[in-house]
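Read-outs: derived from the displayed coordinates by stated rules, not from any lab. On a predicted model such as this, the values are computed, not experimentally measured, just so you know. Here the Cβ positions follow ideal geometry from the backbone for every residue, glycine too, while neighbour counts run over all protein chains shown.
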Amino acid sequence: MDSIREDCFSSLLQETEECKYDFGEINSARESYWMDTVLDYGVEVYDIEDVHDLQEKIENITGINEKSAKCIAISAVRESFQLSDRMNDAEIQQMKLPEFVYRM
Amino acid sequence: MIILGVSCLYHDSAAVLLRDGEIVAAAQEERFTRVKHDWSIPQFAIEYCLREENISHEEIDYVIYYDKPLLTLDRHIKNLLALGKDGRDVFERMYNSVLRDKLWIHEKLKETIGSLGKSGKLLVCGHHMSHAASAFYPSPYENAVIITNDGVGEWATSTIAVGCGNKIKIEKEIHYPHSIGLLYSAFTYYCGFKVNSGDYKFMGLAPYGEPKYYDLIKREIIDVKGDGSYRLNMDYFDYQNGGTMIKDEKFEQLFKHPRRKAETDISRFYMDIAASVQKIVEEVLISMAIYAKKVYGQGIENLVLAGGVALNCVANGKLRNEEIFEHIWVQPAAGDAGGALGAAEYLYYDFLGNKRLPQSADSQNGSYLGKAYHEKEIKSYLRWNKYPFYYKKEEQELFEYIAGKIAEGKVIGLFHGRMEFGPRALGNRSIIADARSGEMQSKLNLKIKFRESFRPFAPSVLRERAEDYFESKDAESPYMLFVDKVRAERRKPFQLLDCLNEENDNLLPVVKRERSDIPAVTHVDYSARIQTVDGVRNPFYYGIIKAFEKLTGYGIIVNTSFNVRGEPIVCSLQEAYKCFMRTDMDILILEKYVLLKEEQPALHEEGDWRNQYGLD
């Protein structure tokens with residue numbers, strides 16, 4: 001487990017203490033489990049401009065805090081770089097990534 | 001207007017090309033890579049689609065993906081938030097699949113295709129909207145109630161929607177982790193079959209059993225409401241924890257039987273489990289349809305289905321027999337492959353507002369949407385390799401020749417026209433044989449397909465003769481997506497329980513007992529997964545069966561996919577020839593070229609070719 005990945009997990013773990021999610025259990029008293037559709041399943045443009053853009057999108061869609069969203073965004077960007085040879089280390093260094101990427 | 005639809009990174013990757021709303025090409029990646037259920041970026045399927053229409057990537061107007069990656073990420077994160085410190089496995093799964101792959105789908109597709117259409121931006125469409133669209137837009141109906149059920153998309157696992165003209169609106173949904181698709185997969189896994197590829201086996205096993213565990217499963221594992229909505233008791237499952245499908249110890253405790261080990265004998269217990277789960281799935285689907293008709297279907301007599309659960313043709317058959325709706329149409333590529341089609345069509349009709357004119361049959365073109373080979377290519381291939389062949393110039397002569405050989409008991413590989421889109425072979429990449437033969441089911445299973453002896457085979461029947469063999473009235477099933485019962489007067493007395501005792505593990509004697517005058521396609525409960533064949537969708541295949549009827553009086557033959565166990569259906573001439581030579585098939589038909597096994601040179605291969613494909 002590398003440090004970025006570990007930080008990402010730790011950050012999300014802290015989140016679970018503040019924002020526990022519930023899958024919902026069997027409830028025999030309920031008449032129905034159908035939910036009205038509130039999510040937007042329609043067509044939209046998909047793009048990620050940079051790590052900040054991704055962080056903002058993650059925050060908006062998941063509702064998790066800034067620190068966790070930032071951590072996930074950085075991890076995702078790093079993974080995408082590592083999996084492609086399109087950018088070299090120097091280019092990654094030049095990107096304005098949040099401070100704690102380098103801290104890790 | 002050119003639209004490229006893509007599905008990938010879950011399972012069954014595919015690409016679909018629309019030209020002005022018409023489906024001009026569609027293919028699954030597995031056919032090219034030879035990896036069953038291949039989930040990777042469908043580079044070969046995309047390449048094929050563009051080549052089929054002779055266009056470059058620069059001519060594509062829009063590229064659309066069938067899923068919303070950020071919503072999928074949201075689901076993974078909420079899953080983690082539900083688990084807290086126990087969520088390490090879920091985190092790893094999210095990290096490896098979403099952060100590494102799914103979030104970067106736009107870059108991966110751009111790299112593969114060369115561009116993302118004229119706008120330069122990838123479009124995405126919701127997973128279940130893609131399924132719903134794949135069911136509604138190609139259907140022959142102006143309006144329809146749409147039901148989708150699969151394992152999981154972003155969040156949704158089941159939805160009810162309404163389609164009208166060129167618009168679709170999703171009204172209701174059920175969210176992960178509660179999923180009828182994952183419940184089915186969980187029990188498939190418990191019974192020792194692989195998730196996805198084993199679902200068909202699990203369905204085929206159900207008629208051997210009795211639904212003895214129906215009440216227990218409903219009491220302990222799933223709560224089904226009268227409107228078809230449901231929730232699972234997650235104490236029994238492990239997929240939400242990032243683990244395997246089920247908690248083995250909980251299942252063992254409840255059913256007093258361990259999870260069956262793959263490839264071991266199948267006892268009555270697992271047959272009864274399969275029957276019980278099948279009954280629950282049928283109950284859920286029928287209840288959903290009744291509810292959807294009542295709430296959203298006033299004045300609508302059409303139901304369309306998609307999502308992987310819609311490939312459960314036994315449930316589809318039961319649903320049709322209930323006559324809740326007058327008409328039912330099921331997307332032939334109901335699983336994720338069809339999502340590529342749905343996303344593209346949703347964009348064209350709903351988002352871009354193009355007018356939709358439903359066609360009287362449907363606009364799926366028989367699902368013959370893949371690659372075809374020209375006669376010149378085939379001739380060159382055969383001559384280059386020095387494979388002996390005959391050429392039958394006249395089609396009618398060829399039909400009569402094939403019919404005669406089928407009647408002699410020969411097994412024939414049929415490679416003709418465009419490859420099918422979806423999991424079923426519908427006469428263009430098929431192995432065909434005589435349905436009247438009592439030995440044919442065992443022969444095909446053990447010597448041709450190299451698969452389990454209990455698995456049933458499907459019939460292809462002339463559309464106008466279907467009622468002569470099966471119970472349903474005027475029931476069309478061109479895509480082999482409905483099960484029907486063999487007519488009573490054709491049945492032979494057969495008591496399944498006479499052949500099976502409590503711990504009988506050998507299903508072969510059961511399979512060999514003739515159950516009708518078309519035994520090769522009659523399952524142990526007298527059911528059959530029928531394909532009706534008409535002269536419009538596939539005149540070549542129709543001609544063969546018609547010639548067989550003229551010769552024998554039977555307008556029905558066996559149709560199984562042209563492959564062996566674990567292998568994707570053959571795509572190229574080379575794969576067809578190899579499959580022909582590796583198995584006990586007698587004759588290979590490549591368009592109008594006829595190859596006889598006994599005349600072919602021995603096939604020399606290094607090692608055991610069976611190791612090439614993992615067991616499914």
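Just to be sure I understand the curve: with the Debye formula and one point per C-alpha of chain B, what is log10 I(q)/I(0) at q = 0.08, 0.09, 0.11 Å⁻¹?
Summing over Cα pairs of chain B leads to -0.54, -0.70, -1.09.
By counting other Cβ atoms within 10 Å of each Cβ, how are B:Met288, B:Met245 ranked from fewest to most?
Going from least to most buried by this count: B:Met245, B:Met288.
Starting with the fewest neighbours, write out B:Val510, B:Val98 ranked by other beta-carbon atoms found within 10 Å of each beta-carbon.
Neighbour counts put them in this order, fewest first: B:Val510, B:Val98.
Once the Cβ-Cβ distance between A:Cys19 and B:Ser453 is put in as r, and R0 is 60 Å, what FRET efficiency do you end up with, to the nearest 0.05?
With R0 = 60 Å, the Cβ-Cβ based efficiency is 0.70.
Report, in order of residue number, the helices in chain B meeting two criteria: a C-alpha extent of 20 Å or more along the helix axis, and a mean Kyte-Doolittle hydropathy of at least 0.5; treat each whole DSSP H run as one helix.
Helices passing the filter in chain B: B:69-83, B:268-296.
Taking square-rooted eigenvalues a ≥ b ≥ c of the alpha carbon gyration tensor, is segment B:506-597 rounded, prolate or oblate, where a/c under 1.5 means rounded and, failing that, a/b exceeding b/c means prolate?
Details: a/c = 1.89, a/b = 1.18, b/c = 1.60.
Taking the square roots of the gyration eigenvalues as a ≥ b ≥ c, segment B:506-597 is oblate.
I need two numbers for the protein assembly as shown: Rg to one decimal and Dmax as a whole number, Cα atoms only, in Å.
Spelled out, the Cα radius of gyration and Dmax of the protein assembly as shown are 25.7, 81 Å.
What nm distance separates the two modelled labels at B:Asn321 and B:Glu408, each placed 7 Å from Cα along Cα→Cβ?
4.0
Please say if segment B:1-58 is rounded, prolate or oblate, where rounded means a/c under 1.5 for a ≥ b ≥ c the square roots of the C-alpha gyration tensor eigenvalues, and otherwise the choice is prolate for a/b larger than b/c and oblate otherwise?
prolate
Work out how far the C-alpha atoms of segment B:99-254 reach from end to end along every principal axis, then list the three figures in whole Å, largest first.
58, 40, 26
Please report the net charge: other residues with Cβ closer than 10 Å to the Cβ of B:Leu590, K and R +1, D and E -1. Walk me through the numbers on the way to the answer.
Details: positive: B:Lys379, B:Lys592; negative: B:Glu375, B:Glu377, B:Glu591.
Counting the neighbours of B:Leu590, the net charge comes to -1.
What's the exposure ranking of B:Met581, B:Met480, going from fewest to most Cβ atoms within 10 Å?
Result, fewest neighbours first: B:Met581, B:Met480.
In whole angstrom, how far apart do the alpha carbon centroids of segment B:119-140 and segment B:142-201 sit?
The distance from the Cα centre of segment B:119-140 to that of segment B:142-201 comes to 15 Å.
Taking a ≥ b ≥ c as the square roots of the Cα gyration tensor eigenvalues, with a/c under 1.5 meaning rounded and otherwise prolate when a/b beats b/c, else oblate, which class fits segment B:211-261?
Oblate is the answer for segment B:211-261, as a/c is 1.5 or above yet b/c matches or exceeds a/b.
Any chance you could check the Cα centroid distance between segment A:1-74 and segment B:64-117 for me, in angstrom?
If you average the Cα positions of each part, the centres end up 11 Å apart.
Calculate log10 I(q)/I(0) of segment B:321-406 for q = 0.11, 0.13, 0.17, 0.25 Å⁻¹, where I(q) comes from the Debye formula with a single equal point scatterer on each Cα and nothing for solvent.
Here log10 of I(q) over I(0) equals -0.65, -0.80, -0.95, -1.32.
Roughly how large, in nm² to one decimal, is the mean projection of the convex hull of the alpha-carbon atoms in segment B:1-131?
With the hull built on Cα positions only, its mean projection is 8.1 nm².
Nearest 0.05, what FRET efficiency do B:Arg513 and B:Trp609 give at R0 = 45 Å with Cβ-Cβ as r?
The computed FRET efficiency comes out at 0.85.
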